[in-house]
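Visitor: Can you keep this structure in mind? I'll have questions shortly.
The values are calculated or read from the model by the stated rules, or taken from the named source; none is laboratory data. In this text the structure is predicted, and so the values were computed from the model without any measurement. Note: ideal-geometry Cβ built from the backbone for every residue, glycine included; neighbour counts use all protein chains shown. In case anyone asks, the SASA skips ligands and DNA or RNA and just uses the protein heavy atoms, side chains included. Shrake-Rupley method; radii C 1.70, N 1.55, O 1.52, S 1.80 Å.
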Amino acid sequence: MINFFTFPSILSFLACVLTGVLYAWILYRKNKHLSKVLTYTLGLFRAVTITLICWLLFAPLFKKLSYTPEKPIIILAHDNSLSISQIKAAGFDEQAYQKNMQKLAAELSSKYEVRTYSFSDSVKSVLDFTNRGRLSNGSALISQLNNELLNRNIGAVIIASDGIFNRGGNPLYDLKQLKAPVYTIALGDTIPKKDVVIANINYNDLVYLDNEFTLDIQVQAFQASGETAQLSVLENGVKVKTENVNFNSNSFTKNIPIKLNAHKIGIQKYTIAISAVKNEITTKNNTQTIFVEVIDARQKILLAAAAPHPDIATLKHAIEQNKHYEVTVALADDLAQVKLNAYNLAILYQLPALNNTASNFIDRARSAKIALWYILGTQSNTGKFNEIQEMVKMSQSGNTVQEIFPYVNPTFSLFNLDATAIKQLGEYDPLLAPFGALTANVDYSAVLNQKIGKVTTPTPMLFFVNSNEKKTGFLIGEGLWKWKLEEAKEAQNIPLLDELVSKTLQYLTVKDDKRKFKVYASKATFDESEPIILNANLYNDAYEPVNSAEVEVKIRAANGKLFNYVFSKLGTAYRLDAGNLPEGNYSYVATTNLGDKHYSATGAFYINALITEYQQTTANHQLLYTMAHQNNGKMFMPSNLLFLADELAKNDQIKTITYEDRTYEELINFKWLFGLILILLSMEWFLRKRNGEI
């Protein structure tokens with residue numbers, strides 16, 4: 001519908017009419033040859049023509065109205081999770097329920113727009129009654145409805161469920177966003193059944209070798225008062241712990257701590273099971289499997305010196321603050337028996353010494369494939385030090401010593417230090433070092449530089465060198481024990497010395513991964529419903545990331561079944577989404593070729609079976625009632641669900657909404673006006689021609 005009669009349009013139209021009439025009057029007022037009727041007819045044609053032409057020149061805007069009716073949208077959603085088919089109320093006819101749901105959808109479609117959904121661990125836009133979903137996520141359903149039907153005419157939401165939502169938030173709060181009445185169909189059984197459940201297991205999925213760790217197991221039992229079950233823990237299939245559990249009530253809950261020892265490196269599989277009781281409704285929730293990764297993160301540190309010194313006790317104490325480090329002190333004659341290959345790092349405190357003690361040990365330390373940390377002091381043999389390595393040279397004249405103060409190198413970036421603790425350095429006593437010039441022949445990274453008196457110098461004090469894939473640390477100066485005493489003066493002081501030692505050891509002992517082809521899973525264990533994600537990186541000889549080559553991977557299940565995939569290229573790396581796989585242990589072998597070189601990488605991951613749907617076997621109809629009541633709806637039982645059609649018909653809120661659409665158009669868009677003008681001009685020309693006026 002087009003509205004021409006707005007006030008500006010009327011005024012402009014009247015002006016155009018006046019112009020057309022005036023033009024026709026001037027043209028035909030003195031004509032004596034035409035009859036009066038013909039003169040008025042021609043004048044009318046000319047007046048209308050001029051009026052339309054002027055009206056087009058003004059080009060006014062006209063309001064166009066259109067009306068679009070929208071039927072109410074009825075949402076019909078079914079909970080398609082495992083618990084719906086596994087835990088049924090007495091007398092529940094599953095086939096009749098499914099037929100009635102289909103019948104309800106068809107009946108409502110004659111009057112409303114019906115959208116059907118099934119939800120579990122995912123949401124599907126169709127009624128699916130297979131009931132295979134391993135989770136029940138009501139929030140995901142509401143979120144999808146909000147995304148798809150924002151600002152639409154939602155008449156009502158009908159949800160058929162047992163009220164057990166074990167993933168996502170509580171849909172009770174999310175439903176308010178839809179601003180529509182909610183009707184629920186109560187499935188499942190509210191009568192508690194005899195059942196024993198491993199409800200939850202709290203544990204750390206990463207533990208250290210030979211450490212003790214605890215599994216905090218929550219056991220629940222329903223309608224099993226007076227009975228006894230055995231709780232057992234199996235490590236890689238071997239039973240390692242058992243404990244009897246006595247159920248003293250029909251609603252029993254108990255947390256049972258089980259202490260275990262991590263005695264084997266790698267990912268260990270632990271199965272926690274509780275024996276079934278007589279007439280138990282299901283035993284699928286009696287067992288849970290978890291995976292714990294055991295790593296040997298402890299680094300063995302050798303603290304070697306020619307003679308006792310207070311600094312040695314200070315260093316030993318600082319190292320022991322980190323439980324991941326195990327320190328051994330070796331002095332003088334003990335150095336000959338030390339097996340260096342058993343250590344990750346050797347601290348050579350003032351070695352080589354002035355008395356040239358343990359020169360054989362120094363040679364063995366240099367040739368061993370371990371990191372070294374040299375600490376030079378007043379008892380160091382600088383000449384011998386210059387001979388055994390070429391990275392740093394120390395020129396010393398005589399046996400003189402000097403005091404050097406520390407200050408933090410602002411450009412250091414290998415690790416971070418506490419900003420507050422750094423300020424304490426200004427109060428620390430100086431260290432004593434051999435007097436002489438220090439020269440570094442290779443690139444280094446300095447944590448601390450030397451300050452002589454009040455003069456800051458670029459000469460390093462604590463610094464690192466990474467040469468020939470071997471890390472080496474250097475500390476110039478002895479007297480660390482004074483720093484420890486300084487920190488002990490004030491209770492609020494931060495133990496900066498402990499932090500310096502710990503982070504120095506961490507940097508020196510961490511080995512860089514120089515493999516040119518790496519493949520790794522995004523996590524060690526996946527849930528059964530999660531997609532399996534593998535990542536890969538490939539490097540050329542310059543150690544630049546490339547992905548020009550194709551990467552293939554074979555994933556093998558524990559039963560021998562083989563899955564073949566090809567990685568997708570992502571940026572300069574590779575990524576594979578292998579989708580969902582059944583529960584169990586899996587290993588993989590990835591291969592690729594870059595130039596004439598062949599690379600391969602292996603790994604493993606584990607997929608946990610989801611038993612969440614069996615953790616709660618009693619339906620929560622109270623939640624379903626609250627969902628309906630708080631959203632102006634009602635709860636129905638499955639046998640009465642067809643009455644929903646009458647209930648919706650009686651709800652005055654559910655009605656068709658008509659939307660008015662207003663648009664404005666220019667007169668020039670109406671092509672029929674040009675046709676009318678052409679017809680009028682043609683008729684006027686024809687009549688004038690016939691009567692000899694042209």
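Visitor: Show the residue pairs meeting these rules: Cβ distance below 6 Å; 6+ apart or different chains; first residue within the range 210-221 and touching a residue at least 24 places away in the same chain (Cβ under 8 Å); second residue assigned to a strand (DSSP E or B) and of a type in the set (G, A, S).
Guide: Q218/A199; Q220/A199
Visitor: Take the conditions open to solvent by less than 20 Å² (accessible area, probe 1.4 Å) and closer than 25 Å to E528 by Cβ and apply them to Y588. Does it pass?
Guide: In short, yes.
Visitor: Look through the range 272-303, keep the residues that are open to solvent by 30 Å² or more (accessible area, probe 1.4 Å) and among the polar types (S, T, N, Q), and return whichever of them is nearest to A342 (Cα to Cα).
Guide: The qualifying residue nearest to A342 (Cα to Cα) is Q299.
Visitor: Further question on the same structure: Kindly provide the set of residues from the range 127-161 that are aliphatic (A, V, I, L, M) and either surrounded by fewer than 20 Cβ atoms within 10 Å (Cβ to Cβ) or out of contact with any Ser or Thr (no Cβ under 8 Å at 6 or more places or on another chain) (or both), ordered by number.
Guide: Of everything in the range 127-161, those that are aliphatic (A, V, I, L, M) and either surrounded by fewer than 20 Cβ atoms within 10 Å (Cβ to Cβ) or out of contact with any Ser or Thr (no Cβ under 8 Å at 6 or more places or on another chain) (or both) turn out to be L127, L141, I142, L145, L149, L150, I154, A156, V157.
Visitor: Moving to a separate point now. Determine the pairs where a residue that is in contact (Cβ under 8 Å) with a residue 24 or more places away in the chain and farther than 21 Å from V566 by Cβ, located within the range 510-524, has a partner that is open to solvent by 90 Å² or more (accessible area, probe 1.4 Å) and in a strand (DSSP E or B) with Cβ atoms under 6 Å apart, the partner being 6 or more residues away or on another chain.
Guide: none
Visitor: A further question on this structure: Being exposed (fewer than 12 other Cβ atoms within 10 Å of the Cβ) and of a type in the set (S, T, N, Q) is the filter; apply it to the range 545-567 and report the residue that is modelled with the highest pLDDT.
Guide: N564
Visitor: I've got another one for you. Take T411 and decide whether it is without any contact (Cβ under 8 Å) to a residue 12 or more places away in the chain, β-branched (V, I, T) and surrounded by fewer than 16 Cβ atoms within 10 Å (Cβ to Cβ). Steps first, answer last, please.
Guide: Numbers: without any contact (Cβ under 8 Å) to a residue 12 or more places away in the chain: yes; β-branched (V, I, T): yes; surrounded by fewer than 16 Cβ atoms within 10 Å (Cβ to Cβ): yes.
Here the answer is yes, as T411 does meet what is asked.
Visitor: If T456 satisfies all but one of (1) outside any strand (DSSP E or B); (2) open to solvent by 40 Å² or more (accessible area, probe 1.4 Å); (3) touching a residue at least 24 places away in the same chain (Cβ under 8 Å); (4) farther than 30 Å from G571 by Cβ, what's the number of the condition it fails?
Guide: T456 satisfies all of (1) outside any strand (DSSP E or B); (2) open to solvent by 40 Å² or more (accessible area, probe 1.4 Å); (3) touching a residue at least 24 places away in the same chain (Cβ under 8 Å); (4) farther than 30 Å from G571 by Cβ except (1).
Visitor: Continuing with the same structure: Run M101 past the list (1) under 30 Å from Y183 (Cβ atoms); (2) outside any helix (DSSP H, G or I) and report the number of the one that doesn't hold.
Guide: (2)
Visitor: Those residues that are modelled with pLDDT under 85 and farther than 20 Å from G692 by Cβ, I need them from the range 24-44; list them, please.
Guide: Within the range 24-44, just I26 meets the criteria.
Visitor: Still on this model: Report the residue count in the range 442-453 for those that are open to solvent by 10 Å² or more (accessible area, probe 1.4 Å) and either acidic (D, E) or within 46 Å of the chain's Cα centre (by Cα) (or both).
Guide: Residues flagged as open to solvent by 10 Å² or more (accessible area, probe 1.4 Å) and either acidic (D, E) or within 46 Å of the chain's Cα centre (by Cα) (or both) within the range 442-453 amount to 6.
Visitor: Is there any pair linking a residue in the range 295-310 that is of a type in the set (D, E, K, R) to one that is assigned to a strand (DSSP E or B) and open to solvent by 30 Å² or more (accessible area, probe 1.4 Å), with Cβ under 6 Å and at least six apart or on different chains, and which?
Guide: R298/E326; K300/E326
Visitor: Mind listing whichever residues of the range 522-544 are open to solvent by 40 Å² or more (accessible area, probe 1.4 Å), under 20 Å from Y599 (Cα atoms) and not in a loop (DSSP other than H, G, I, E, B)?
Guide: Scanning the range 522-544 gives no hits.
Visitor: Considering each of T357, T400, T382 in turn, give the residue that is open to solvent by 30 Å² or more (accessible area, probe 1.4 Å), modelled with pLDDT under 90, closer than 30 Å to K454 by Cα and among the polar types (S, T, N, Q).
Guide: Numbers: T357 fails: closer than 30 Å to K454 by Cα; T382 fails: open to solvent by 30 Å² or more (accessible area, probe 1.4 Å).
Of the residues listed, the single one that is open to solvent by 30 Å² or more (accessible area, probe 1.4 Å), modelled with pLDDT under 90, closer than 30 Å to K454 by Cα and among the polar types (S, T, N, Q) is T400.
Visitor: Regarding the range 142-159, can at least one residue be identified that is hydrophobic (A, V, I, L, M, F, W, C) and assigned to a helix (DSSP H, G or I)?
Guide: Yes: the range 142-159 contains one or more residues that are hydrophobic (A, V, I, L, M, F, W, C) and assigned to a helix (DSSP H, G or I).
Visitor: From the set of residues in the range 45-98 that are in contact with a strand residue (DSSP E or B) (Cβ under 7 Å, 6 or more places away or on another chain), modelled with pLDDT of 75 or more and part of a loop (DSSP other than H, G, I, E, B), which is farthest from P171 (Cα to Cα)?
Guide: The extreme case among them is K71.
Visitor: Also, I was wondering about something else. Within the range 1-23, which residues are at pLDDT below 80 and either open to solvent by less than 60 Å² (accessible area, probe 1.4 Å) or not aromatic (F, W, Y) (or both)? Before you say what the answer is, go through the steps one by one.
Guide: The first filter runs over the range 1-23 and keeps only residues at pLDDT below 80, leaving 1-13.
Matches in the range 1-23: M1, I2, N3, F4, T6, P8, S9, I10, L11, S12.
Visitor: Can you tell me which of G633, G579 is part of a loop (DSSP other than H, G, I, E, B), free of Cβ contacts under 8 Å to residues at least 60 places away in the same chain and either of a type in the set (G, A, S) or open to solvent by 20 Å² or more (accessible area, probe 1.4 Å) (or both)?
Guide: Result of the check over G633, G579: G579.
Visitor: Separate question: Using the structure shown, decide if E684 is within 30 Å of A558 (Cα to Cα), in a helix (DSSP H, G or I) and either modelled with pLDDT under 85 or more than 43 Å from the chain's Cα centre (by Cα) (or both).
Guide: no
Visitor: What is the number of the single condition among (1) open to solvent by 60 Å² or more (accessible area, probe 1.4 Å); (2) modelled with pLDDT of 90 or more; (3) not small (G, A, S) that P430 does not meet?
Guide: (1)
Visitor: For L570, which of the numbered conditions (1) loosely packed, with under 13 Cβ neighbours inside 10 Å; (2) in contact (Cβ under 8 Å) with a residue 24 or more places away in the chain fails to hold?
Guide: (2)
Visitor: If you don't mind, another one. If a residue must be in a loop (DSSP other than H, G, I, E, B) and surrounded by 14 or more Cβ atoms within 10 Å (Cβ to Cβ), how many such residues does the range 512-521 contain?
Guide: The first filter runs over the range 512-521 and keeps only residues in a loop (DSSP other than H, G, I, E, B), leaving 512-516.
From what is left, the residues that are surrounded by 14 or more Cβ atoms within 10 Å (Cβ to Cβ) are 516.
Counting residues in the range 512-521 that are in a loop (DSSP other than H, G, I, E, B) and surrounded by 14 or more Cβ atoms within 10 Å (Cβ to Cβ) gives 1.
Visitor: Specify the residue that is farthest from E478 (Cα to Cα); the eligible residues are those in the range 310-323 that are under 46 Å from the mean Cα position of the chain (by Cα) and loosely packed, with under 15 Cβ neighbours inside 10 Å.
Guide: K323
Visitor: Filter the range 648-681 down to the residues that are assigned to a helix (DSSP H, G or I) and within 30 Å of F636 (Cα to Cα), then identify the one that is least open to solvent (accessible area, probe 1.4 Å). Explain how you work it out, then say what you get.
Guide: Applying the first criterion (assigned to a helix (DSSP H, G or I)) to the range 648-681 yields 648-650, 667-669, 672-681.
Cutting the leftovers down to within 30 Å of F636 (Cα to Cα) gives us 648-650.
Numbers: L648: 1, A649: 57, K650: 142 Å².
In this case the residue turns out to be L648.
Visitor: For the range 104-126, which positions are under 30 Å from P192 (Cβ atoms), open to solvent by less than 30 Å² (accessible area, probe 1.4 Å) and not in a strand (DSSP E or B)?
Guide: Correct list: S120 only.
Visitor: Could you please let me know if T509 is within 13 Å of A318 (Cβ to Cβ) and either hydroxyl-bearing (S, T, Y) or buried (at least 21 other Cβ atoms within 10 Å of the Cβ) (or both)? Explain how you work it out, then say what you get.
Guide: Working: within 13 Å of A318 (Cβ to Cβ): no; either hydroxyl-bearing (S, T, Y) or buried (at least 21 other Cβ atoms within 10 Å of the Cβ) (or both): yes.
Spelling it out, it is not the case that T509 is within 13 Å of A318 (Cβ to Cβ) and either hydroxyl-bearing (S, T, Y) or buried (at least 21 other Cβ atoms within 10 Å of the Cβ) (or both).
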